[in-house]
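Novice: Below is the structure I would like to discuss, written out as structure tokens.
The values are calculated or read from the model by the stated rules, or taken from the named source; none is laboratory data. Not measured: the values here are computed from a predicted model. Don't worry about glycine lacking a Cβ; one is built from the backbone with ideal geometry, like all the others, and counts go over all protein chains shown.
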Amino acid sequence: MEKGKLKAYIVTSQWNENGDLITWAESSGKAKASVINSWEFHGNDYTDLRAKRIKDFDKYADSKKVPIEELLKRGWWFYCGGFCGTEITQDNIDAKEAFVTRRREDINDFVDGDVYCDRCKAKLEECGKW
């Protein structure tokens, strides 16, 4: 890989309960440094963080957004965009209990897309906001 080219990393912490982050950087150290001040890692030290390469996501370096479908397929889950608190996984999408949409912009630093449970989607359709 050429010098200066951004590579994808997933940054985690053993102490973190707020989720992991995907970021693009030239090295694992720079990936950790780029997210240390985010709310997800509030209270963590630099040495608490781990940055693991995800080569499959290098292709998203220009937009710095991974399609939500890619993350769901890898076992990630997301809260319903309708704010009901439902955790949505790929299984919910497959069972047509939840839906992927691009309705809201910039809801997450690195995710392109959002998910809604079938109940919240129905409520939004009912009031003409879907």
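Novice: Exactly one of these conditions fails for residue 92: (1) at pLDDT below 95; (2) not assigned by TED's automatic domain parsing to the domain that holds residue 11. Give me its number.
Specialist: (1)
Novice: So, one more: State the number of residues belonging to the range 79-130 that are among the hydrophobic types (A, V, I, L, M, F, W, C), closer than 28 Å to residue 37 by Cα and crowded, with 17+ Cβ neighbours inside 10 Å.
Specialist: Selection size over the range 79-130: 5.
Novice: Follow-up question, since we're still on this one. Between a first residue in the range 45-63 that is assigned to a helix (DSSP H, G or I) and a second residue that is hydroxyl-bearing (Ser, Thr, Tyr), which pairs have beta carbons less than 9 Å apart while being 6 or more apart in sequence or on different chains?
Specialist: 48/13; 57/9
Novice: Taking only pairs six or more apart or across chains, which ones have beta-carbon atoms under 9 Å, a first residue in the range 18-30 that is surrounded by fewer than 14 Cβ atoms within 10 Å (Cβ to Cβ), and a second residue that is among the basic types (Lys, Arg)?
Specialist: Sorted first by the residue in the range 18-30, then by its partner, the pairs are 26/3; 26/5; 26/7; 27/7.
Novice: May I ask you to list the residues in the range 23-48 that are among the aromatic types (Phe, Trp, Tyr) and either within 13 Å of residue 13 (Cα to Cα) or assigned by TED's automatic domain parsing to the domain that holds residue 112 (or both)? Lay out the reasoning, then the answer.
Specialist: Here is the first cut: in the range 23-48, the residues among the aromatic types (Phe, Trp, Tyr) are 24, 39, 41, 46.
Of everything in the range 23-48, those that are among the aromatic types (Phe, Trp, Tyr) and either within 13 Å of residue 13 (Cα to Cα) or assigned by TED's automatic domain parsing to the domain that holds residue 112 (or both) turn out to be 39, 41, 46.
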